[in-house]
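Take a look at the structure set out below.
The values are calculated or read from the model by the stated rules, or taken from the named source; none is laboratory data. Because the structure is predicted, anything quoted here is derived from the model rather than measured. Note: ideal-geometry Cβ built from the backbone for every residue, glycine included; neighbour counts use all protein chains shown.
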Amino acid sequence: MVGAVPQEQDLYAGTGTDFYERLVGSDRAEIREVLALARDTAGPILDVAAGSGRLTIPLVRSGNRVTAVDLSDDMLAHLRRALPDQSAWECVVADMRDFSLGRRYGLVIIGATSITLLDRVGRSLLYANVQRHLAPGGVFAFTVAAGASAHSLAVPREQEIRVPGAGQDEIYLFSQQVEPDGAARVVNWVRASDLTDGGEVTVLTSRLQLLSHEVLSRELVEAGFDEPAVSPVRTHLGAEILLLKTSWPATPGPADGDVSD
């Protein structure tokens with residue numbers, strides 16, 4: 001409407017990471033459930049798509065050994081600043097569809113419904129990676145939206161949203177577009193104060209798959225995992241999120257030719 005020139009920026013890279021941290025950094029959803037899983041875990045924990053460490057940080061501070069994997073080094077930089085000089089954790093810049101860590105983990109987690117970043121082929125690669133890194137009797141757990149929350153993700157919408165800033169909240173324009181086949185959504189964020197007539201404006205963007213827990217449960221079984229247990233995640237904002245928890249029944253060989261941890 002103002003004739004601004006959009007400059008696309010990945011939500012999970014560069015300046016997008018600072019915005020993402022302000023947007024979700026205070027979200028405590030899933031942490032209670034993940035810490036409960038960790039208490040029943042023998043051995044180290046692998047946090048896949050760890051981002052800025054929303055789950056890694058409380059896991060490490062609770063005495064767990066954690067490897068945090070994320071494709072974005074910019075996202076992991078937030079984690080390094082939050083946990084400087086910690087010997088109980090390490091971070092690895094890698095794609096969750098293709099990583100090789102040379103060890104096995106008692107718990108592999110994916111938080112923040114990040115599995116929806118992957119298409120069907122990508123999820124198949126992820127499942128194979130998890131199987132190569134999961135210890136005998138280990139648990140693979142991740143979250144996905146459900147109910148009204150899942151329905152809202154499949155509806156195009158535009159709205160203004162207040163996002164915490166350094167001194168005060170800032171107004172962002174949020175746009176959600178659903179692709180014609182209904183398989184994915186594209187989300188865009190623009191800071192309202194950046195919109196000037198004819199000027200350049202950064203558009204933070206991401207593309208996410210629209211997935212149900214039924215589809216993901218079926219995929220897990222087809223990939224050789226046990227039928228997952230599905231349970232609700234407590235959230236303070238009333239969002240409906242489900243935790244899927246499964247294991248890998250096969251007897252594994254050495255993890256990528258290395259010894260298990």
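Of the numbered criteria (1) assigned by TED's automatic domain parsing to the domain that holds Val130; (2) among the aliphatic types (A, V, I, L, M); (3) surrounded by fewer than 20 Cβ atoms within 10 Å (Cβ to Cβ), the one Ala13 fails is (1). Inside the stretch 197-215, can you point out the residues that are surrounded by 13 or more Cβ atoms within 10 Å (Cβ to Cβ) and of a type outside the set (Ser, Thr, Tyr)? The answer is Val201, Val203, Leu204, Arg207, Leu208, Gln209, Leu210, Leu211, His213, Val215. Tally the residues that are more than 23 Å from Gly165 (Cα to Cα) and touching a Gly at 6+ places or on another chain (Cβ under 7 Å), restricting the search to the stretch 189-244. Here the count works out to 4. Residues of the stretch 150-172 that are closer than 13 Å to Ala184 by Cα and of a type outside the set (Gly, Ala, Ser): His151, Leu153, Val155, Pro156.
With respect to Thr143, determine if the residue is among the hydroxyl-bearing types (Ser, Thr, Tyr), in contact (Cβ under 8 Å) with a residue 60 or more places away in the chain and not assigned by TED's automatic domain parsing to the domain that holds Gly53.
Numbers: among the hydroxyl-bearing types (Ser, Thr, Tyr): yes; in contact (Cβ under 8 Å) with a residue 60 or more places away in the chain: yes; not assigned by TED's automatic domain parsing to the domain that holds Gly53: no.
Answer is no for this residue.
Taking the stretch 180-224, which residues are part of a loop (DSSP other than H, G, I, E, B), over 18 Å from the mean Cα position of the chain (by Cα) and among the aliphatic types (A, V, I, L, M)? Those that are part of a loop (DSSP other than H, G, I, E, B), over 18 Å from the mean Cα position of the chain (by Cα) and among the aliphatic types (A, V, I, L, M): Ala183, Leu195, Ala223.
Comparison of Val34, Val48, Val66 shows that the only residue that is among the β-branched types (Val, Ile, Thr), surrounded by 21 or more Cβ atoms within 10 Å (Cβ to Cβ), closer than 24 Å to Pro164 by Cβ and modelled with pLDDT of 95 or more is Val34. Taken over the stretch 140-175, residues that are over 28 Å from Tyr127 (Cα atoms) and assigned to a strand (DSSP E or B) amount to 13. Could you tell me whether the stretch 225-242 includes any residue that is in the same structural domain as Ala36 (by TED's automatic domain parsing), surrounded by fewer than 13 Cβ atoms within 10 Å (Cβ to Cβ) and more than 20 Å from the chain's Cα centre (by Cα)? Checking the stretch 225-242: at least one residue is in the same structural domain as Ala36 (by TED's automatic domain parsing), surrounded by fewer than 13 Cβ atoms within 10 Å (Cβ to Cβ) and more than 20 Å from the chain's Cα centre (by Cα).
In the stretch 15-36, the residues that are among the charged types (D, E, K, R) form Cβ pairs under 7 Å with partners that are in a helix (DSSP H, G or I) and modelled with pLDDT of 90 or more, at six or more places apart or across chains, as follows: Glu21/His78. So, Pro228, is that one out of contact with any helix residue (DSSP H, G or I) (no Cβ under 7 Å at 6 or more places or on another chain) and over 26 Å from Ser175 (Cβ atoms) or not? Here the answer is no, as Pro228 does not meet what is asked. Considering the stretch 243-253, and only residues there that are surrounded by 12 or more Cβ atoms within 10 Å (Cβ to Cβ) and modelled with pLDDT under 95, the residue that is farthest from Ala36 (Cα to Cα) turns out to be Pro252.
Consider Ile110 against the criteria (1) over 27 Å from Gly137 (Cα atoms); (2) crowded, with 18+ Cβ neighbours inside 10 Å; (3) not hydroxyl-bearing (Ser, Thr, Tyr): it satisfies all of them except one. Which criterion is unmet? Failing condition for Ile110: (1). Could you tell me whether the stretch 119-139 includes any residue that is in contact (Cβ under 8 Å) with a residue 60 or more places away in the chain, part of a loop (DSSP other than H, G, I, E, B) and either crowded, with 17+ Cβ neighbours inside 10 Å or not assigned by TED's automatic domain parsing to the domain that holds Val48 (or both)? No, there is no match, as no residue in the stretch 119-139 is in contact (Cβ under 8 Å) with a residue 60 or more places away in the chain, part of a loop (DSSP other than H, G, I, E, B) and either crowded, with 17+ Cβ neighbours inside 10 Å or not assigned by TED's automatic domain parsing to the domain that holds Val48 (or both).
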